[in-house]
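The values are calculated or read from the model by the stated rules, or taken from the named source; none is laboratory data. Quick caveat, the model's predicted, so the values are computed rather than measured. All Cβ positions, glycine included, derive from the backbone under ideal geometry; neighbour counts span all protein chains shown. When the accessible area is computed, the model is the full protein with side chains, heavy atoms only, and any ligands, DNA or RNA have been set aside. Shrake-Rupley method; radii C 1.70, N 1.55, O 1.52, S 1.80 Å.
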Amino acid sequence: MEVRVENGGSYEVGKSGWGQSLPVPSIQEIVRSEFQLVPQRYIHENKDGPIISEDLADSLEIPVIDFSFLAKGDEDEVQKLHLACKDWGFFQVINHGVKEEILEKMKAAVAAFFELPFQEKKKYAKAENEIEGYGQNFVVSEHQKLDWSDMIFLFTFPSQNRNFKFWPLSLPGFKEALEEYSREMQKLAEELQANFSVLMGLKRDGLKRLQGGELKQGIRMNYYPICSRPDLVLGISPHSDGTSFTLLLQDDDVTGLQIKHNEAWVPVKPIPNSLIVNIGDATEIQSNGMYKSIEHRAVTNEKKPRISIATFMFPDDEQEIGPVETMIDDQNRPKLYRNIKYVDYVREKFSRKMEGKAHTQFAKLRTSDH
Ligand code: OGA
Ligand code: NI
């Protein structure tokens, strides 16, 4: 299938039709063979440092949402959720009801995958014209700076979208762990989506209807090796997620995620057994900019590799995404984004490198358009 993208060119894409990414070396293998080495292609000359002081970072915490209250329809918690999405675009969810054992099994399965010999992992390598599998995404040029991470991305829901050729089925327990974990994330996501619907002035199933039924799901498992010069590299470049929203599970004891808040990079300190939720571009568009899809990045460290597991929830490819009627008010909140078919949005996203908010900009209406 040939895909044309707005910024010029066209390319052939594989089964998912979402995009492609150039092959890159495994940074885990580079570090394994020579720890001190920081190849030029990984050095980000213009990266912003930690803009805020350590002291301030310690006192700033992203909002914490108690999911058990949310599920009971507690008004105060729903209001807290509204403010979290509006002012931060990121929050940590506690009391989410997912058993600790399921989270631990999932983290262990991902750790075991990345510990496999390279030759074994390569069996699940993504093809250049696909985004699913082991490797790296968002690499669109030979000159682009690379991130200090390897990943494996797998489609998980609906279950018929699973391409088992990319799943490390020979790794004992991996399939079970991922299936169980993805099921739990799907349940959590449905309740969150129902809450977002109500907050946007719709019925509980409003967003579900608008986005073509059940949310879809894909899971990106990231591995950030140690780095001798964490000041020079980025684990993952600044970006916003092209999702409806994302659920992130991370190591309890290694901080790496940073989010852009009031022009500063704020580190997110993990609360053990919690999940981080962030608003994605589709929700920013649907909420007509009320809820922000915030830029975030990950940094690395010298001492400990880090694993994170991002569960991406997204609408149906064929669905048109645009500001929902209840969020538009011609006087006070004019329509800020155009309607766009989700698959077109995603293709545009995968045709560029990760770069801040460039993608949501693409869906923004120019002032002259309204
Ligand atoms: C992602 C992401 C952050 C992290 O995978 O989209 O933002 O902390 N990950 O790994
Ligand atoms: Ni992200």
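With Ser293, Ser274, Ser351, Ser287 as the choices, which residue is under 30 Å from Gln144 (Cα atoms) and more than 16 Å from ligand 2 (Cβ to nearest atom)? Being under 30 Å from Gln144 (Cα atoms) and more than 16 Å from ligand 2 (Cβ to nearest atom) holds for just one of Ser293, Ser274, Ser351, Ser287, which is Ser351. Suppose we keep only residues that are open to solvent by less than 20 Å² (accessible area, probe 1.4 Å) and over 18 Å from Val233 (Cβ atoms) within the stretch 249-265. Which one would you say is farthest from ligand 2 (Cβ to nearest atom)? Checking each candidate, the answer is Ala264. Count of the stretch 296-344 residues, restricted to those that are within 16 Å of ligand 2 (Cβ to nearest atom) and among the aromatic types (Phe, Trp, Tyr), is 2.
For beta carbons closer than 6 Å, sequence separation of 6+ or different chains, a first residue in the stretch 220-236 that is over 24 Å from Gly133 (Cα atoms) and without any contact (Cβ under 8 Å) to a residue 40 or more places away in the chain and a second that is within 16 Å of ligand 2 (Cβ to nearest atom) and open to solvent by less than 10 Å² (accessible area, probe 1.4 Å), there are no qualifying pairs. What about Asp231, is it of a type outside the set (A, V, I, L, M), within 14 Å of Lys107 (Cβ to Cβ) and more than 9 Å from ligand 1 (Cβ to nearest atom)? The answer is no for Asp231. Looking only at residues that are among the small types (Gly, Ala, Ser) and modelled with pLDDT of 90 or more in the stretch 45-86, which one is least open to solvent (accessible area, probe 1.4 Å)? By that ranking, first place goes to Ala84. Looking only at residues of the stretch 186-216 that are without any contact (Cβ under 8 Å) to a residue 12 or more places away in the chain and part of a loop (DSSP other than H, G, I, E, B), we find that the one that is most open to solvent (accessible area, probe 1.4 Å) is Lys203. Applying the criterion of being within 20 Å of the chain's Cα centre (by Cα) and either acidic (Asp, Glu) or within 20 Å of Leu146 (Cβ to Cβ) (or both) to the residues of the stretch 202-228, the residue that is farthest from ligand 1 (Cβ to nearest atom) is Glu214.
Rundown of residues vs (1) over 21 Å from Val93 (Cα atoms); (2) within 9 Å of ligand 1 (Cβ to nearest atom), yes/no style:
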{"residue": "Pro238", "(1), (2)": "yes, no"}
{"residue": "Asp241", "(1), (2)": "no, yes"}
{"residue": "Leu247", "(1), (2)": "no, no"}
{"residue": "Ala264", "(1), (2)": "yes, no"}
